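Working notes, structure below.
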Amino acid sequence: MRLGLQQFALEWSQLGHNVDYVCCPTHPLDFISPSRRYLWLKAWLRGGSQVISVNLTEYFVRSPFSRRRFWWRGKWQGSLYNLFFPSELSKKNYDLCIFDICYSALNLPRVNAERKIMRLNDNPWGFLHHMSPIVAQWFENLIKSSLVDSVWPVSTALGDWARKLNPGIPVQTLPNGVSLNSFARPLPDSNPTASSQKAVYLGTFQPWFDWELMVNVANNLPDWQIDLYGPNRSLVLPINLPPNLKLSGPLSFDQVPSMLSNYEVGLLPFKPSGNFLDYFDPLKAYQYWAAGLGIAATDTGRMGDALLPWACLGSDAESFANAIVSASEQRHEWHYDKALQKRLDESNWPVLANRALSTIGVA
């Protein structure tokens, strides 16, 4: 799955701008992790960079220790984390440096740029299950102390949070997006009786993924097939999964549109996890909508603000099961809703990339 900054980098490079993309740092022991080994090889053994296109280069940077909060003991580690940042990048003078809430942002002091912009894709305090409070506070201080020129939140809730920290900082809301050109945007079957009764979840299994809910929902909908796609290494699964609840592995970015076309309903089965769900912008929803799916989501955090009226919400196993059935029945109506189509069109990554550049006065 491509992240927002990866999409901006790709789109801007295709518009003719020279872009260097720095991916999340990898530490010496990452070779042990099957999911991180590719990045480790690139960073530590294979030169640390890769030319993606004539205008786009990706840099695989190194870090001296892990991102996990266990390894963070003091503020002094922040300056050590960017110890291995490539000197060739530090010597450049960039027109723009944009970063989001991830550990590659800790390289910010090593970057010379005329303008520095924080893309506020999440509230850092929502990731304390793995992010050290030291790092979360570092991000917050960037806003409080006006150490960035502006903030681009992906939701109005995140924009309000930034303004509360610093009322004077420029804020421009730019939502998450989807590459609509990758989706055929098929017409849903208008006959509910011809339903294939298949629902899907696409994403990662973070602490806010509600396993208990999904097990109970699957038991409540024995005629429905529910498939879960995402990284499953080291995943501790509930005992005795229902036969109609199937866990598959992750998909490549290019496989997502065709996979989603096999389903009727996309799922967002999340439970409260700190204040994370009070600020997030559900990227998966855009993909579900673009593929012509209905959406069933839990009624928590800002789910309603982010999804309604083009989703059905449930707060427990029975109401969530009902939400799946209702979303299947209403998806055809939603597909033709001009307001939803307008929202998708405005959330198309090429449109967002141009809008972002116009925000800073770049053609």
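The values are calculated or read from the model by the stated rules, or taken from the named source; none is laboratory data. Predicted, not measured: the structure shown is a model, and the values here were computed from it. Cβ coordinates were reconstructed from backbone atoms using ideal geometry, including for glycine residues, and neighbour counts include every protein chain displayed.
Listed values, structure above:
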quantity	calculated
Pair list, Cβ under 6 Å, 6 or more apart: the stretch 242-253 residue of a type in the set (A, V, I, L, M), other residue surrounded by 13 or more Cβ atoms within 10 Å (Cβ to Cβ) and assigned to a strand (DSSP E or B)	LEU245/ILE226; LEU247/LEU228; LEU251/TYR229
Single residue of the stretch 304-363 satisfying the filter (assigned to a helix (DSSP H, G or I) and hydroxyl-bearing (Ser, Thr, Tyr)) that is nearest to PHE270 (Cα to Cα)	SER319
Residue satisfying all of: in the stretch 46-65; touching a Phe, Trp or Tyr at 6+ places or on another chain (Cβ under 9 Å) and either small (Gly, Ala, Ser) or loosely packed, with under 13 Cβ neighbours inside 10 Å (or both); nearest to ASN121 (Cα to Cα) among these	SER63
Out of ILE324, ILE295, ILE360, sole residue that is touching a residue at least 60 places away in the same chain (Cβ under 8 Å), touching a Cys at 6+ places or on another chain (Cβ under 8 Å) and of a type in the set (A, V, I, L, M, F, W, C)	ILE324
Condition check for PHE85: among the hydrophobic types (A, V, I, L, M, F, W, C), closer than 27 Å to LEU39 by Cα and outside any strand (DSSP E or B)	yes
Identity of the residue in the stretch 252-277, within 18 Å of LEU221 (Cβ to Cβ) and surrounded by 15 or more Cβ atoms within 10 Å (Cβ to Cβ), that ends up nearest to the chain's Cα centre (by Cα)	LEU268
Top-ranked residue in the stretch 332-363 [being of a type in the set (Ser, Thr, Tyr) and within 21 Å of ILE295 (Cβ to Cβ); ranked as farthest from the chain's Cα centre (by Cα)]	TYR336
Options LEU283, LEU260, LEU267: the member that is at pLDDT below 90 and touching a strand residue (DSSP E or B) at 6+ places or on another chain (Cβ under 8 Å)	LEU283
